[in-house]
Amino acid sequence: MLYDLDILPTIMKTSKQIWFNGEFIPWAEAQVHVMTHSLHYGDAVFEGIRVYGGAVFRLDDHLERFFESMKALEMESPYDRAQVYDAILELLRREGTIDGYIRPIAFYGDGGLKVGWEGMPVSVAIGVLPWDGYSSSELKLKVSDVRRFSPEMVKMDAKVSGYYVNSNFAGPNALLLDSEGNVAEAACANIFFVQDGKLFTPSTGSILPGLTRDTVIQIARDEGIEVVEGNIKDLSVFQEAFTTGTATEICLVVEIDNHKYDSREVTSFLQEKYSEIVSGKNQKYKKWLIYVD
Ligand SMILES: Cc1ncc(COP(=O)(O)O)c(C=O)c1O
């Protein structure tokens, strides 16, 4: 099955309530003013987290990145990590969500439209959407003329809403290059290539350092598969390619422009391991699962 990396329409179901600034309120009441600073200037940060069979995957790591993203935008969160952690678990309990997608967001609120963040109030909200993901998928990507933002322009380690204008310009099935013409990442996923059993992936700098990327690197190294992080330009030298991301997990890439990738051996192996890990069948990585109870 070929599909689009643009998965969000498939998870746009509603839930009963939203956690908003410390309170659980009905979905329809979780609204902001049109003069909200982040709506105008793109200075919100967010996370996408999955819950599988009642276990949240890598919650601590997602919250670490969420709070680091806030720091990058000089946001002082009115809620600490433990409060956001508890709010996510309580929201999952209240919603009865066993398989789903969790979306925390922090944004600069209704404090005027001056450019700059001083004195701007910060709001935090969390939504939980029921979703059980894809069954299987293959991607055809195209190298975009739109280049990825570079670290000279923005803080690339942060997951900032405004950066998605870059992804949207490129389109859902784009492969973006960095400002020097090296492979960076897909519009909303990281990318890996396979050559003679070794994994190659762009180093951090012009990419979001994805947690699924990190998971794949850890699994591969544990399984004795060499992983090389560095610059990638020539797409013709690889036998296999795949993307990684929380929402789309590990997706086989069968084509990038006129390069065809016929092999799927390493990708299938990693997909199988990943699915064992998120479903709690692999004891070695149990530490990554937080059960809602
Ligand atoms: C631009 C971008 N790169 C990479 C990723 C993958 O990150 P993660 O594996 O943490 O979901 C995402 C996913 O949200 C993304 O939006």
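The values are calculated or read from the model by the stated rules, or taken from the named source; none is laboratory data. Remember, predicted model here, so these are calculated numbers, not experimental data. FYI the Cβ positions are ideal-geometry reconstructions off the backbone, even for glycines, and counts take in every protein chain you see.
The set of residues in region 253-270 that are of a type outside the set (Ser, Thr, Tyr), away from the ligand (no atom under 16 Å from the Cβ) and outside any loop (DSSP other than H, G, I, E, B) comprises VAL254, GLU255, ILE256, HIS259, LYS260, GLU265, VAL266, PHE269.
When PHE242, PHE238 are screened for being more than 16 Å from the ligand (Cβ to nearest atom), at negative phi and of a type outside the set (D, E, K, R), only PHE238 passes. Of all the listed residues (ASP60, ASP80), the sole one being farther than 22 Å from ALA187 by Cα, within 16 Å of the ligand (Cβ to nearest atom) and at pLDDT 95 or above is ASP60.
A residue that is basic (Lys, Arg) and within 16 Å of the ligand (Cβ to nearest atom) occurs nowhere in region 113-120.
Yes/no matrix, rows are residues, columns are (1) surrounded by 20 or more Cβ atoms within 10 Å (Cβ to Cβ); (2) at positive phi; (3) in contact with a His (Cβ under 6 Å, 6 or more places away or on another chain):
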| site | (1), (2), (3) |
| --- | --- |
| THR14 | no, no, no |
| ASN21 | no, yes, no |
| PRO26 | no, no, no |
| ALA30 | no, no, no |
| MET35 | no, no, no |
| ILE49 | yes, no, yes |
| GLY53 | no, yes, no |
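Inside region 122-138, can you point out the residues that are at pLDDT 95 or above and either small (Gly, Ala, Ser) or over 17 Å from the mean Cα position of the chain (by Cα) (or both)? Selection gives VAL122, SER123, VAL124, ALA125, GLY127. If I ask for residues that are part of a strand (DSSP E or B) and either hydrophobic (A, V, I, L, M, F, W, C) or out of contact with any helix residue (DSSP H, G or I) (no Cβ under 9 Å at 6 or more places or on another chain) (or both), which ones from region 104-135 would you list? Answer for region 104-135, where residues must be part of a strand (DSSP E or B) and either hydrophobic (A, V, I, L, M, F, W, C) or out of contact with any helix residue (DSSP H, G or I) (no Cβ under 9 Å at 6 or more places or on another chain) (or both): ILE105, ALA106, PHE107, VAL122, VAL124, ALA125, ILE126, VAL128, LEU129. Restricting region 169-212 to residues that are touching a Gly at 6+ places or on another chain (Cβ under 7 Å) and within 13 Å of the ligand (Cβ to nearest atom) leaves a set whose member that is farthest from LYS155 (Cα to Cα) is THR212.
For the structure I just gave you, tell me whether ALA220 is modelled with pLDDT under 95, surrounded by fewer than 22 Cβ atoms within 10 Å (Cβ to Cβ) and within 16 Å of the ligand (Cβ to nearest atom). So ALA220 does not fit the description; no.
It is to be established whether one or more residues within region 56-68 are touching a residue at least 40 places away in the same chain (Cβ under 8 Å) and over 18 Å from LYS159 (Cβ atoms). The answer is no, given that none of the residues of region 56-68 is touching a residue at least 40 places away in the same chain (Cβ under 8 Å) and over 18 Å from LYS159 (Cβ atoms). Take the conditions in a loop (DSSP other than H, G, I, E, B), modelled with pLDDT of 95 or more and on the phi < 0 side of the Ramachandran plot and apply them to ARG93. Does it pass? When the stated conditions are applied, ARG93 does not pass them.
Each residue in region 141-168 was checked for being of a type outside the set (A, V, I, L, M, F, W, C) and more than 10 Å from the ligand (Cβ to nearest atom), and 12 pass.
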